[in-house]
Amino acid sequence: MSDSSSVARALAGDRSALEGLWRDHRRWVATVLLAHKRQDAELEDLLQEVAVILVQRLADLRDPSRFRAWLRAVAVNVARMAARRDGARPTHEALDGVDVVDPSGERAARAEHARGEIERVLAFAMRLDPDYREPLLLRAVDGLGQAAIAEILDLPETTIETRLARARRMLRRELERDARPPVRPGVPDDPSALRLARDIA
Amino acid sequence: MNDTIDEPLLFSRALERRASRAEWDALERRAHDDPRVALRLLAHLRDEGELSLALDARLSALPDVELPAPSAPQRGARALRLPRVALLFGATGWAAACVLAALLVLRVTSDERAGATRPSRAAPVATSHDASRGVGERADGATHDADADARSVSDAPVGAVADALASDAPTVLHEFPRVLVETRETDDGRVEVTWLRRALETQTVDAAFEVVEDELGRPTVVPADLSMLAVSDIL
């Protein structure tokens with residue numbers, strides 16, 4: 001779905017159109033910030049900065065059809081500028097509020113028990129290279145398909161498909177490397193598990 | 001043919017509900033040959049579900065961030081915004097003015113110390129609008145502290161005043177107490193002190209330039225609307 005008409009109305013001064021755009025997109029904007037921000041940066045503060053820039057700088061957008069790519073670039077820059085402003089190295093090896101410095105070590109094992117399975121997957125996803133982490137996280141946002149992610153990242157859809165496939169494989173390898181037991185002991189002697197997966201998907 | 005597709009891509013298409021019948025058949029054949037394939041697909045499916053749940057929990061915990069009230073942001077009326085360093089000074093009007101003044105004279109005074117030629121109306125600093133010259137390169141072809149300009153652009157937050165052209169030297173109205181930033185012992189036993197000087201200065205400028213983002217989010221220097229200085233929403 002194109003945002004061009006809403007962007008055009010927002011540029012013409014229609015405040016409700018601008019607010020509608022923000023409501024429609026702020027969830028994935030927050031995800032982009034999460035993918036690029038420093039561990040200790042407050043997600044809410046960064047999201048507020050993006051909101052301010054959206055209000056003040058939308059007029060700089062020359063091509064309304066590229067609104068999503070522009071908004072994503074704003075979010076990435078807000079996250080990077082915050083990291084530079086805070087004067088420490090950007091980090092992509094830790095999840096906000098969760099230390100995952102050495103996920104294969106004893107510390108991670110202790111933290112894992114406290115954290116639970118669900119956060120563990122997100123924590124490992126945060127360790128992926130940003131090129132893979134960002135589309136993987138965006139894919140986990142409700143309703144964002146590969147085409148929408150391609151538009152946001154300003155990349156061909158085939159590139160997104162490849163990156164998602166690699167990201168999933170890397171995530172699985174990292175999780176398996178975490179010295180955990182296999183998902184389920186034993187090996188089925190028929191492909192019923194595949195049928196189950198197919199039904200669920 | 002689909003048996004040649006690598007497993008991650010096949011899995012990904014299955015998870016995305018984009019797998020064709022032929023690809024599902026290929027998956028099934030592989031699962032017959034090696035039942036662990038089905039387990040691996042299940043593990044991927046589980047990862048997807050847990051990742052979505054975790055992200056949803058993270059985003060749902062985030063308060064609704066609404067848009068701020070507009071402050072003359074429309075096309076052709078770009079408001080100047082001070083960088084966040086102003087907050088260090090308590091964000092009072094005087095402190096903000098101090099920082100703004102310091103920003104305006106920063107390049108001018110550093111040029112004077114370095115003995116560099118200060119740009120004038122006759123030799124304006126090129127902006128990003130002038131694609132044939134880089135930032136900081138003068139119209140007459142001479143390089144004008146290009147490294148420093150490039151650094152100031154890449155480091156400056158959006159909305160910062162990146163440069164100003166002035167014919168007169170600034171006048172210091174008041175100097176505030178210095179802010180200690182860092183101390184470090186030197187090899188010869190002395191102490192190197194880094195501090196932030198805060199001065200309220202006034203200066204008449206001919207032109208100013210600010211940092212904005214282009215469509216790709218890259219910092220770009222453009223001429224600033226001087227009339228907007230007086231109505232900056234922070235000041």
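The values are calculated or read from the model by the stated rules, or taken from the named source; none is laboratory data. Keep in mind the model is a prediction, meaning the values are calculated, not measured. We place every Cβ from the backbone using ideal geometry, glycine too, and count neighbours over all the protein chains shown. Side chains are part of the model used for accessible areas, which takes the heavy atoms of the whole protein and leaves out ligands, DNA and RNA. Shrake-Rupley method; radii C 1.70, N 1.55, O 1.52, S 1.80 Å.
Pairs meeting the criteria (first residue in segment A:40-57 and over 18 Å from residue A:83 (Cβ atoms), second residue open to solvent by less than 10 Å² (accessible area, probe 1.4 Å), beta carbons under 6 Å, at least 6 apart or on different chains) are A:51/B:65.
For segment B:12-36, filtering for residues that are aliphatic (A, V, I, L, M) and within 7 Å of chain A (Cβ to nearest Cβ) leaves 4.
For (1) part of a helix (DSSP H, G or I); (2) open to solvent by less than 40 Å² (accessible area, probe 1.4 Å); (3) farther than 22 Å from residue A:167 by Cβ; (4) at pLDDT 90 or above, each residue gets a yes or a no:
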site: B:25; (1), (2), (3), (4): yes, no, yes, yes
site: B:29; (1), (2), (3), (4): yes, no, yes, yes
site: B:39; (1), (2), (3), (4): yes, yes, no, yes
site: B:46; (1), (2), (3), (4): yes, no, no, yes
site: B:54; (1), (2), (3), (4): yes, yes, no, yes
site: B:59; (1), (2), (3), (4): yes, yes, no, yes
site: B:64; (1), (2), (3), (4): no, no, yes, no
site: B:86; (1), (2), (3), (4): yes, yes, yes, no
site: B:91; (1), (2), (3), (4): no, no, yes, no
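For segment A:1-81, the helices (runs of 4 or more DSSP H) that sit wholly inside it and include 1 or more residues that are closer than 23 Å to residue A:134 by Cβ, open to solvent by 40 Å² or more (accessible area, probe 1.4 Å) and not assigned by TED's automatic domain parsing to the domain that holds residue A:132 are A:15-36, A:43-57. The residue list A:151, A:157 contains one member that is more than 11 Å from chain B (Cβ to nearest Cβ), open to solvent by 40 Å² or more (accessible area, probe 1.4 Å) and of a type outside the set (Phe, Trp, Tyr), which is A:151.
Residue-by-condition table, conditions (1) surrounded by 12 or more Cβ atoms within 10 Å (Cβ to Cβ); (2) modelled with pLDDT of 75 or more:
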position: B:185; (1), (2): no, yes
position: B:188; (1), (2): no, yes
position: B:192; (1), (2): no, yes
position: B:202; (1), (2): yes, yes
position: B:208; (1), (2): yes, yes
position: B:214; (1), (2): yes, no
position: B:225; (1), (2): yes, no
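Checking each residue in segment B:171-223 for being out of contact with any strand residue (DSSP E or B) (no Cβ under 9 Å at 6 or more places or on another chain), of a type in the set (Asp, Glu) and within 14 Å of chain A (Cβ to nearest Cβ) picks out only B:215.
For residue A:108, the conditions (1) modelled with pLDDT under 85; (2) in a loop (DSSP other than H, G, I, E, B) all hold with the exception of (2).
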